[in-house]
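Asker: Handing you this structure, nothing more for now.
The values are calculated or read from the model by the stated rules, or taken from the named source; none is laboratory data. Being a predicted model, the structure only gives us computed values, none of them experimental. When we count neighbours, we look across all protein chains shown, and the Cβ atoms used for this are built from the backbone with ideal geometry, even at glycine.
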Amino acid sequence: MFNVAIDGPAGAGKSTIAKLVAKKLGFTYVDTGSMYRAMALACLRAGLTAEDEEKVCYICEGLDVSLRYDGNGAQQVILNGENVNAYIRTEEVGNMTSAIAVYGPVREKLVELQRKLAKEYDVIMDGRDIGTCVLQDAPVKIYLTASSRTRAERRYKELMEKGVECNIDDIEKDIIDRDYRDMHREISPLKQADDAILVDSSNMNIEQVVEHLVGIINDKRK
């Protein structure tokens, strides 16, 4: 199987880009972040805070998180039999996700599933530690990033289009805080793999980033 690992900070556009690249190449897209978000959603529904480490790990151990694809190839995140796509993209879930992802048992549960998918399909997998931990032998590794302001502006536009009132400075602060947590956590911190290609999308549109990544992957496949 030919695997592609895409890592990078929150709001860098990893999921959007990875999804489009996978569609162009006929690969299976695996959004690992959505799997962590499903666990975070379950914890929030249980009334837990990120500080409740023992309870968080206990709940996550008993969760069934899986991926399913509809007839159009769109990914559905299934939490204990429920499609939770509509609930996992809020700021609250995002912040909880970053906070609980530092816990070993939470990560171990999901890494096992992610590696299983990579053995069965040609996958493009994005997250925080794919190239450095989950798929260390992937022939293509990308570290996709953008400035914190650029990422905040993208998120602000996305929320405003959904009719959600928000403040761009608050969004940028959340992004910077999340970056710090992700980069300084004890287990599998966010960092660029030694053999990963750095792609800064601050001054690129989606189409340009997609074409750039498709070119990188096709060169490696040759």
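Asker: If I ask for residues that are among the charged types (D, E, K, R) and either in contact with a Phe, Trp or Tyr (Cβ under 8 Å, 6 or more places away or on another chain) or part of a loop (DSSP other than H, G, I, E, B) (or both), which ones from the range 205-222 would you list?
Answerer: Arg221, Lys222
Asker: If the requirement is being at pLDDT 95 or above, over 17 Å from the mean Cα position of the chain (by Cα) and among the aliphatic types (A, V, I, L, M), which of these qualifies: Val84, Val21, Val4, Val56?
Answerer: Val56
Asker: A further question on this structure: Within the range 70-84, track down each residue that is in contact (Cβ under 8 Å) with a residue 24 or more places away in the chain and either surrounded by fewer than 16 Cβ atoms within 10 Å (Cβ to Cβ) or in contact with a Cys (Cβ under 9 Å, 6 or more places away or on another chain) (or both).
Answerer: Within the range 70-84, Gly73, Asn80 meet the criteria.
Asker: Could you grab me the full set of residues in the range 49-64 that are crowded, with 21+ Cβ neighbours inside 10 Å and farther than 19 Å from Arg178 by Cβ?
Answerer: Correct list: Cys60 only.
Asker: Can you tell me which of Glu158, Glu207, Glu153, Glu211 is more than 30 Å from Pro105 (Cβ to Cβ), charged (D, E, K, R), surrounded by 16 or more Cβ atoms within 10 Å (Cβ to Cβ) and free of Cβ contacts under 8 Å to residues at least 60 places away in the same chain?
Answerer: Among Glu158, Glu207, Glu153, Glu211, only Glu153 is more than 30 Å from Pro105 (Cβ to Cβ), charged (D, E, K, R), surrounded by 16 or more Cβ atoms within 10 Å (Cβ to Cβ) and free of Cβ contacts under 8 Å to residues at least 60 places away in the same chain.
Asker: Can you go through Ala38, Ala46 and tell me which one is crowded, with 18+ Cβ neighbours inside 10 Å and either touching a Gly at 6+ places or on another chain (Cβ under 8 Å) or in contact (Cβ under 8 Å) with a residue 12 or more places away in the chain (or both)?
Answerer: Ala38
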